[in-house]
Amino acid sequence: MNKGELINKIAGDASISKAQATKALDSFLGSTMGSLKSGEKVTLVGFGTFTVAKRAARTGRNPQTGAEIKIPARKVVRFKAGKNLSEKVK
């Protein structure tokens with residue numbers, strides 16, 4: 001499912017226009033990204049939890065040349081599925 005299909009589904013299920021569904025989805029995504037950027041975790045009970053984790057700097061290899069490269073430290077987003085979501089997917 002892509003963003004357009006999700007907007008259509010939200011609009012149909014909630015009996016609202018596609019424009020309203022788009023605004024709602026964009027608001028949710030913006031709020032989620034803002035919270036994660038500030039280091040907060042986002043928990044949707046029954047669905048899952050988004051968190052930000054730090055990945056340490058490390059040494060890797062260029063697969064074409066075999067030369068060692070330094071991979072800098074960075075933050076990554078992690079998602080842990082909730083119990084309800086895990087049971088539905090089984």
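Within the range 40-57, identify whether any single residue is modelled with pLDDT under 95 and either in the same structural domain as Gly4 (by TED's automatic domain parsing) or part of a helix (DSSP H, G or I) (or both), and answer yes or no. No, the range 40-57 contains no residue that is modelled with pLDDT under 95 and either in the same structural domain as Gly4 (by TED's automatic domain parsing) or part of a helix (DSSP H, G or I) (or both). In the range 1-22, what residues are free of Cβ contacts under 8 Å to residues at least 12 places away in the same chain and within 18 Å of the chain's Cα centre (by Cα)? Those that are free of Cβ contacts under 8 Å to residues at least 12 places away in the same chain and within 18 Å of the chain's Cα centre (by Cα): Met1, Asn2, Gly4, Glu5. Out of everything in the range 47-76 that is over 26 Å from Gly34 (Cβ atoms) and hydrophobic (A, V, I, L, M, F, W, C), what residue ends up being farthest from the chain's Cα centre (by Cα)? Among residues in the range 47-76 that are over 26 Å from Gly34 (Cβ atoms) and hydrophobic (A, V, I, L, M, F, W, C), the one farthest from the chain's Cα centre (by Cα) is Ala67. Scanning the range 23-39 for residues that are under 24 Å from Asn84 (Cα atoms), in contact (Cβ under 8 Å) with a residue 12 or more places away in the chain and of a type outside the set (S, T, N, Q) returns Ala24, Leu25, Leu36.
The values are calculated or read from the model by the stated rules, or taken from the named source; none is laboratory data. Note that the structure is predicted; figures quoted are calculated from it, not measured. Reconstructed Cβ throughout: ideal geometry from the backbone, glycine too, with neighbour counts over all protein chains shown.
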